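Remarks on the structure that follows.
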Amino acid sequence: MAKGFRQKIRQKNTDNSGFGDYSSGRFINKDGLPNVNRKGVNIFNRFSWYHTMLDLSTFNFLSYLVIAYILVNLFFALIYYLIGVEHLTGIDKSDPVNEFIDVFFFSSQTFTTVGYGRIAPVGFMASLVATFEAFLGLLTFAIATGLFYGRFSRPRAYLKFSDIALIAPFKDKTALMFRLAPYKNNALTDADVIVSAAIEVIENSVPRSNFYTLKTQLNKINTLALNWTIVHLIDENSPFFGFSEEDFKNTDIEIIVHLRAFDEVFSNTVVQRTSYVSKEIVYGAKFIPMYYPDKQNLSTVLDLDKINHYQQADLPVFQEDNK
(Lines give C-alpha, C1' and ligand atoms only; values in the text may rest on other atoms or scores of the structure.)
Protein backbone atom coordinates (compact mmCIF):
# COMPACT_ATOMS: atom_id res chain seq x y z
CA MET A 1 0.00 0.00 0.00
CA ALA A 2 1.35 3.44 -0.91
CA LYS A 3 2.63 5.78 1.76
CA GLY A 4 0.34 8.59 0.64
CA PHE A 5 -2.60 6.27 1.17
CA ARG A 6 -1.61 5.56 4.77
CA GLN A 7 -1.13 9.24 5.45
CA LYS A 8 -4.56 10.12 4.14
CA ILE A 9 -6.29 7.44 6.17
CA ARG A 10 -5.02 9.02 9.36
CA GLN A 11 -6.91 12.17 8.46
CA LYS A 12 -10.58 12.64 9.29
CA ASN A 13 -12.86 11.37 6.58
CA THR A 14 -16.15 12.98 5.59
CA ASP A 15 -19.36 11.67 7.15
CA ASN A 16 -21.98 13.15 4.79
CA SER A 17 -21.99 10.34 2.26
CA GLY A 18 -25.29 8.86 3.43
CA PHE A 19 -23.68 5.44 3.84
CA GLY A 20 -22.45 3.87 7.04
CA ASP A 21 -18.82 3.06 7.67
CA TYR A 22 -19.53 -0.67 7.78
CA SER A 23 -21.67 -0.99 4.67
CA SER A 24 -20.55 -3.72 2.31
CA GLY A 25 -20.48 -4.25 -1.41
CA ARG A 26 -21.00 -1.56 -3.99
CA PHE A 27 -22.70 1.56 -2.65
CA ILE A 28 -24.18 2.90 -5.92
CA ASN A 29 -25.05 0.64 -8.85
CA LYS A 30 -24.18 1.67 -12.40
CA ASP A 31 -27.80 2.71 -12.95
CA GLY A 32 -27.50 5.19 -10.08
CA LEU A 33 -29.68 3.36 -7.56
CA PRO A 34 -28.33 2.55 -4.07
CA ASN A 35 -27.20 -1.05 -3.61
CA VAL A 36 -29.34 -1.65 -0.52
CA ASN A 37 -31.54 -4.65 0.29
CA ARG A 38 -34.28 -3.77 2.78
CA LYS A 39 -35.70 -6.24 5.28
CA GLY A 40 -38.23 -6.06 8.08
CA VAL A 41 -41.28 -5.16 5.96
CA ASN A 42 -43.36 -7.23 3.59
CA ILE A 43 -42.81 -7.05 -0.15
CA PHE A 44 -45.85 -4.81 -0.69
CA ASN A 45 -44.41 -2.12 1.59
CA ARG A 46 -40.80 -2.67 0.56
CA PHE A 47 -41.25 -1.55 -3.04
CA SER A 48 -42.99 1.42 -4.57
CA TRP A 49 -44.60 -0.21 -7.57
CA TYR A 50 -45.23 3.18 -9.16
CA HIS A 51 -41.53 4.10 -8.98
CA THR A 52 -40.58 0.61 -10.16
CA MET A 53 -42.76 0.87 -13.26
CA LEU A 54 -41.46 4.36 -14.03
CA ASP A 55 -37.84 3.23 -13.72
CA LEU A 56 -38.22 0.23 -16.04
CA SER A 57 -36.76 0.41 -19.50
CA THR A 58 -39.27 0.96 -22.30
CA PHE A 59 -38.88 -2.62 -23.55
CA ASN A 60 -39.41 -4.14 -20.08
CA PHE A 61 -42.34 -1.83 -19.35
CA LEU A 62 -44.18 -2.75 -22.56
CA SER A 63 -43.28 -6.42 -22.12
CA TYR A 64 -44.77 -6.50 -18.61
CA LEU A 65 -47.95 -4.83 -19.84
CA VAL A 66 -48.38 -7.30 -22.69
CA ILE A 67 -47.62 -10.32 -20.49
CA ALA A 68 -50.00 -9.09 -17.77
CA TYR A 69 -52.73 -8.49 -20.38
CA ILE A 70 -52.37 -12.01 -21.78
CA LEU A 71 -52.27 -13.65 -18.32
CA VAL A 72 -55.36 -11.78 -17.11
CA ASN A 73 -57.33 -12.81 -20.19
CA LEU A 74 -56.15 -16.41 -19.87
CA PHE A 75 -57.32 -16.39 -16.25
CA PHE A 76 -60.80 -15.08 -17.09
CA ALA A 77 -61.02 -17.34 -20.15
CA LEU A 78 -60.40 -20.32 -17.86
CA ILE A 79 -63.17 -19.13 -15.52
CA TYR A 80 -65.63 -18.80 -18.41
CA TYR A 81 -64.60 -22.21 -19.68
CA LEU A 82 -65.14 -23.79 -16.25
CA ILE A 83 -68.57 -22.14 -15.95
CA GLY A 84 -69.46 -23.72 -19.26
CA VAL A 85 -69.38 -22.52 -22.85
CA GLU A 86 -73.12 -23.13 -23.02
CA HIS A 87 -73.48 -19.92 -20.95
CA LEU A 88 -71.90 -17.94 -23.81
CA THR A 89 -73.74 -17.42 -27.10
CA GLY A 90 -71.97 -17.53 -30.46
CA ILE A 91 -69.19 -19.96 -29.40
CA ASP A 92 -67.67 -22.22 -32.04
CA LYS A 93 -68.26 -25.64 -30.46
CA SER A 94 -66.57 -27.71 -33.16
CA ASP A 95 -63.74 -28.73 -30.80
CA PRO A 96 -62.38 -27.73 -27.34
CA VAL A 97 -59.50 -25.71 -28.82
CA ASN A 98 -61.84 -23.47 -30.83
CA GLU A 99 -64.06 -23.14 -27.77
CA PHE A 100 -61.21 -21.92 -25.60
CA ILE A 101 -59.95 -19.56 -28.34
CA ASP A 102 -63.40 -18.00 -28.61
CA VAL A 103 -63.63 -17.71 -24.83
CA PHE A 104 -60.19 -16.04 -24.69
CA PHE A 105 -61.13 -13.43 -27.29
CA PHE A 106 -64.45 -12.83 -25.55
CA SER A 107 -62.48 -12.15 -22.37
CA SER A 108 -60.21 -9.66 -24.17
CA GLN A 109 -63.24 -7.90 -25.67
CA THR A 110 -64.86 -7.69 -22.23
CA PHE A 111 -61.65 -6.56 -20.52
CA THR A 112 -61.17 -3.73 -23.02
CA THR A 113 -64.96 -3.00 -23.06
CA VAL A 114 -64.95 -3.36 -26.86
CA GLY A 115 -67.77 -5.90 -26.98
CA TYR A 116 -68.25 -6.78 -30.66
CA GLY A 117 -71.47 -8.60 -29.86
CA ARG A 118 -70.97 -12.00 -31.52
CA ILE A 119 -70.40 -13.67 -28.15
CA ALA A 120 -72.46 -12.66 -25.14
CA PRO A 121 -72.90 -14.07 -21.61
CA VAL A 122 -76.06 -15.95 -20.71
CA GLY A 123 -77.00 -16.64 -17.11
CA PHE A 124 -76.10 -15.15 -13.76
CA MET A 125 -72.54 -16.52 -13.25
CA ALA A 126 -71.23 -15.69 -16.71
CA SER A 127 -72.76 -12.20 -16.56
CA LEU A 128 -71.34 -11.62 -13.06
CA VAL A 129 -67.82 -12.57 -14.16
CA ALA A 130 -68.12 -10.40 -17.29
CA THR A 131 -69.28 -7.45 -15.18
CA PHE A 132 -66.34 -7.78 -12.79
CA GLU A 133 -63.87 -8.21 -15.67
CA ALA A 134 -65.14 -5.08 -17.42
CA PHE A 135 -64.79 -3.10 -14.17
CA LEU A 136 -61.26 -4.47 -13.65
CA GLY A 137 -60.40 -3.56 -17.24
CA LEU A 138 -61.46 0.06 -16.73
CA LEU A 139 -59.31 0.34 -13.61
CA THR A 140 -56.34 -1.36 -15.26
CA PHE A 141 -56.34 0.88 -18.33
CA ALA A 142 -56.71 3.96 -16.14
CA ILE A 143 -53.58 2.89 -14.22
CA ALA A 144 -51.73 2.04 -17.44
CA THR A 145 -52.61 5.46 -18.88
CA GLY A 146 -51.26 7.15 -15.76
CA LEU A 147 -48.03 5.15 -16.00
CA PHE A 148 -47.63 6.04 -19.67
CA TYR A 149 -48.14 9.72 -18.87
CA GLY A 150 -45.78 9.54 -15.90
CA ARG A 151 -43.04 7.95 -18.00
CA PHE A 152 -43.58 10.44 -20.83
CA SER A 153 -43.72 13.57 -18.69
CA ARG A 154 -41.09 12.67 -16.10
CA PRO A 155 -38.05 14.98 -16.30
CA ARG A 156 -34.80 13.06 -16.71
CA ALA A 157 -31.21 14.04 -17.23
CA TYR A 158 -30.65 11.62 -20.15
CA LEU A 159 -26.91 11.49 -19.52
CA LYS A 160 -24.56 8.74 -20.60
CA PHE A 161 -21.54 8.14 -18.37
CA SER A 162 -18.39 6.43 -19.51
CA ASP A 163 -18.25 2.82 -18.35
CA ILE A 164 -14.73 3.33 -17.05
CA ALA A 165 -12.68 5.91 -15.20
CA LEU A 166 -9.05 6.59 -16.09
CA ILE A 167 -5.87 7.43 -14.25
CA ALA A 168 -4.46 9.81 -16.84
CA PRO A 169 -1.68 12.39 -17.21
CA PHE A 170 -2.80 15.95 -16.50
CA LYS A 171 -0.61 19.08 -16.33
CA ASP A 172 2.59 17.15 -15.60
CA LYS A 173 0.77 15.28 -12.85
CA THR A 174 -1.75 12.47 -12.60
CA ALA A 175 -5.55 12.76 -12.45
CA LEU A 176 -8.61 10.60 -12.09
CA MET A 177 -10.94 11.17 -15.03
CA PHE A 178 -14.30 10.03 -16.32
CA ARG A 179 -16.70 11.68 -18.72
CA LEU A 180 -20.37 12.07 -19.50
CA ALA A 181 -22.51 13.44 -22.28
CA PRO A 182 -26.21 14.13 -22.96
CA TYR A 183 -27.65 11.69 -25.48
CA LYS A 184 -31.00 13.37 -26.18
CA ASN A 185 -31.93 16.84 -27.42
CA ASN A 186 -32.88 18.14 -23.97
CA ALA A 187 -31.32 21.44 -22.90
CA LEU A 188 -29.42 21.19 -19.60
CA THR A 189 -27.93 24.22 -17.88
CA ASP A 190 -26.22 24.98 -14.55
CA ALA A 191 -24.84 21.46 -14.27
CA ASP A 192 -22.80 20.71 -11.17
CA VAL A 193 -21.15 17.51 -10.02
CA ILE A 194 -20.17 16.12 -6.63
CA VAL A 195 -17.60 13.31 -6.61
CA SER A 196 -16.63 11.30 -3.55
CA ALA A 197 -14.49 8.25 -2.93
CA ALA A 198 -15.14 5.31 -0.64
CA ILE A 199 -11.93 3.50 0.36
CA GLU A 200 -12.01 0.34 2.43
CA VAL A 201 -9.51 0.09 5.30
CA ILE A 202 -8.91 -2.46 8.01
CA GLU A 203 -9.15 -1.23 11.59
CA ASN A 204 -8.81 -3.72 14.45
CA SER A 205 -9.22 -6.55 11.93
CA VAL A 206 -12.60 -5.14 10.89
CA PRO A 207 -13.11 -3.71 7.38
CA ARG A 208 -14.71 -0.29 7.18
CA SER A 209 -15.12 2.39 4.54
CA ASN A 210 -13.70 5.89 4.73
CA PHE A 211 -15.37 8.53 2.57
CA TYR A 212 -13.59 11.50 0.99
CA THR A 213 -14.92 14.34 -1.12
CA LEU A 214 -12.85 14.62 -4.30
CA LYS A 215 -12.05 18.11 -5.49
CA THR A 216 -12.56 18.49 -9.24
CA GLN A 217 -10.91 20.94 -11.59
CA LEU A 218 -14.32 22.14 -12.73
CA ASN A 219 -17.41 21.27 -10.72
CA LYS A 220 -19.97 23.42 -12.53
CA ILE A 221 -20.65 24.43 -16.13
CA ASN A 222 -23.28 26.77 -17.55
CA THR A 223 -24.43 24.60 -20.46
CA LEU A 224 -24.12 20.85 -20.87
CA ALA A 225 -24.21 20.48 -24.64
CA LEU A 226 -21.13 18.36 -25.42
CA ASN A 227 -19.26 15.79 -23.37
CA TRP A 228 -17.89 16.83 -19.98
CA THR A 229 -14.71 15.24 -18.66
CA ILE A 230 -14.58 15.35 -14.85
CA VAL A 231 -11.00 15.68 -13.61
CA HIS A 232 -9.75 15.08 -10.08
CA LEU A 233 -6.10 16.07 -9.73
CA ILE A 234 -4.15 13.56 -7.64
CA ASP A 235 -1.99 15.85 -5.53
CA GLU A 236 -1.12 16.12 -1.84
CA ASN A 237 -4.77 16.87 -1.02
CA SER A 238 -6.09 13.77 -2.75
CA PRO A 239 -6.76 10.47 -0.95
CA PHE A 240 -5.07 8.77 -3.92
CA PHE A 241 -1.81 10.65 -3.53
CA GLY A 242 1.05 8.18 -3.96
CA PHE A 243 -1.18 5.38 -5.24
CA SER A 244 0.50 2.96 -7.62
CA GLU A 245 -1.20 0.79 -10.19
CA GLU A 246 -1.14 -2.10 -7.72
CA ASP A 247 -2.79 0.07 -5.06
CA PHE A 248 -5.68 0.88 -7.38
CA LYS A 249 -6.09 -2.80 -8.25
CA ASN A 250 -5.74 -4.24 -4.75
CA THR A 251 -7.70 -1.64 -2.76
CA ASP A 252 -11.49 -1.64 -2.60
CA ILE A 253 -12.33 1.76 -4.07
CA GLU A 254 -15.60 3.20 -5.26
CA ILE A 255 -15.91 6.58 -6.97
CA ILE A 256 -19.44 7.90 -6.37
CA VAL A 257 -20.75 10.52 -8.80
CA HIS A 258 -23.77 12.76 -8.19
CA LEU A 259 -24.76 15.21 -10.95
CA ARG A 260 -27.51 17.81 -10.95
CA ALA A 261 -28.64 20.04 -13.79
CA PHE A 262 -31.55 22.29 -14.71
CA ASP A 263 -33.85 21.18 -17.53
CA GLU A 264 -35.15 24.26 -19.32
CA VAL A 265 -38.15 22.51 -20.91
CA PHE A 266 -39.50 21.07 -17.65
CA SER A 267 -38.19 24.02 -15.57
CA ASN A 268 -37.04 21.45 -13.06
CA THR A 269 -33.85 20.06 -11.59
CA VAL A 270 -32.80 16.63 -12.81
CA VAL A 271 -30.39 14.28 -11.04
CA GLN A 272 -28.33 11.32 -12.20
CA ARG A 273 -25.84 9.15 -10.34
CA THR A 274 -23.33 6.43 -11.08
CA SER A 275 -20.19 4.93 -9.60
CA TYR A 276 -16.88 3.32 -10.54
CA VAL A 277 -15.24 0.52 -8.58
CA SER A 278 -11.61 -0.57 -8.66
CA LYS A 279 -12.00 -2.97 -11.59
CA GLU A 280 -13.55 -0.16 -13.67
CA ILE A 281 -10.55 2.15 -13.24
CA VAL A 282 -7.99 1.95 -16.06
CA TYR A 283 -4.48 2.96 -15.05
CA GLY A 284 -2.25 4.82 -17.53
CA ALA A 285 -4.68 5.91 -20.23
CA LYS A 286 -6.36 9.00 -21.66
CA PHE A 287 -9.66 9.58 -23.42
CA ILE A 288 -9.88 10.08 -27.17
CA PRO A 289 -11.84 13.21 -28.24
CA MET A 290 -15.45 12.38 -29.03
CA TYR A 291 -16.61 15.54 -30.80
CA TYR A 292 -15.45 17.24 -33.98
CA PRO A 293 -16.75 19.76 -36.57
CA ASP A 294 -18.92 18.51 -39.39
CA LYS A 295 -17.73 18.54 -43.00
CA GLN A 296 -19.21 21.99 -43.69
CA ASN A 297 -17.93 23.43 -40.39
CA LEU A 298 -21.47 24.53 -39.61
CA SER A 299 -22.08 22.44 -36.48
CA THR A 300 -20.37 20.10 -34.05
CA VAL A 301 -20.72 16.33 -34.16
CA LEU A 302 -20.87 14.55 -30.79
CA ASP A 303 -20.04 10.88 -31.35
CA LEU A 304 -21.52 9.05 -28.36
CA ASP A 305 -20.07 5.75 -29.55
CA LYS A 306 -16.65 7.07 -28.53
CA ILE A 307 -17.50 7.88 -24.93
CA ASN A 308 -15.49 4.85 -23.71
CA HIS A 309 -12.66 5.10 -26.24
CA TYR A 310 -9.22 5.69 -24.80
CA GLN A 311 -5.58 5.08 -25.57
CA GLN A 312 -2.65 4.10 -23.39
CA ALA A 313 -0.62 6.98 -21.99
CA ASP A 314 2.55 7.30 -19.96
CA LEU A 315 2.11 8.77 -16.49
CA PRO A 316 4.57 11.13 -14.79
CA VAL A 317 6.92 9.35 -12.41
CA PHE A 318 5.79 9.91 -8.83
CA GLN A 319 8.50 11.41 -6.67
CA GLU A 320 7.70 11.48 -3.00
CA ASP A 321 8.55 14.63 -1.10
CA ASN A 322 10.69 13.58 1.83
CA LYS A 323 11.11 17.03 3.28
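If R0 is taken as 25 Å, the Cβ-Cβ distance between Lys93 and Ala120 corresponds to a FRET efficiency of 0.95.
Picking from Pro96, Pro289, Pro169, which is most flexible by a Gaussian network model of the chain using Cα springs under 10 Å? It is Pro96. If R0 is taken as 35 Å, the Cβ-Cβ distance between Lys30 and Thr300 corresponds to a FRET efficiency of 0.80. With 0.36 nm allotted per residue and the present C-alpha distance subtracted, the Asn185-Thr269 stretch has 28.6 nm of extension available.
Label positions at Ile194 and Asp172, each projected 7 Å from the Cα along the C-beta direction, are separated by 3.5 nm. Count Lys and Arg as plus one, Asp and Glu as minus one, and take only other residues whose Cβ is under 15 Å from that of Pro96; the net charge is then -4.
Rolling a 1.4 Å probe across the protein heavy atoms gives the chain an accessible surface of 60 Å² per residue. Mind scanning Lys173/Lys306; Lys215/Lys306; Lys173/Lys286; Lys160/Lys279; Lys184/Lys279; Lys171/Lys279 and naming the pairs with a C-alpha gap bigger than 22 Å? Distance filter (> 22 Å) returns Lys173/Lys306; Lys215/Lys306; Lys184/Lys279; Lys171/Lys279.
Hey, what angle do you get for helix 58-83 against the long axis of the chain, alpha-carbon based, 0 to 90 degrees rounded to 10? Taking the Cα atoms of the chain, the angle to 58-83 is about 30 degrees. When Lys and Arg each count +1 and Asp and Glu each count -1, what net charge do the other residues less than 14 Å away from Gln312, Cβ to Cβ, add up to? In short, -1.
Our summary gives the stretch 44-153 a relative contact order of 27 percent, counting only alpha carbon pairs under 8 angstrom and 6 or more residues apart.
Projected label points at Thr58 and Arg151, each 7 Å from Cα along the beta carbon direction, are separated by 0.9 nanometres. For a paramagnetic label modelled on Lys279 (point 7 Å from Cα along Cα→Cβ), amide N atoms under 18 Å away belong, within the stretch 232-252, to 246-252. Label separation (Tyr50 vs Leu136): 2.4 nm, computed from points 7 Å beyond Cα along the C-beta direction.
How much length is gained if the chain between Val66 and Ala313 is pulled fully straight, taking 0.36 nm per residue apart and subtracting their Cα-Cα distance, in nm to one decimal? Length gained between Val66 and Ala313: 83.9 nm.
What net charge do the residues around Ala77 carry, taking every other residue with its C-beta under 13 Å from that of Ala77, with Lys and Arg at +1 and Asp and Glu at -1? Residues close to Ala77 contribute a combined charge of -3.
Adding -39500 (n - 2.57) for every DSSP H run of four residues or longer, then dividing by how many residues the chain holds, sets the calculated 222 nm ellipticity at -9500 deg cm²/dmol. Summary of packing: across the peptides 99-107, 33-41, the per-residue average of other C-beta atoms within 10 Å ranks them, highest first, as 99-107, 33-41. Counted residue by residue at 0.36 nm each, then reduced by the alpha carbon distance between them, the extension gain from Asp163 to Tyr292 reaches 44.3 nm.
The values are calculated or read from the model by the stated rules, or taken from the named source; none is laboratory data. Just so we're clear, the structure is a prediction, and the values are computed from it rather than from any experiment. Neighbour counts run over all protein chains shown; Cβ positions are idealised from the backbone, glycine included. SASA here: full protein model, heavy atoms, side chains in, ligands and nucleic acids out. Shrake-Rupley method; radii C 1.70, N 1.55, O 1.52, S 1.80 Å.
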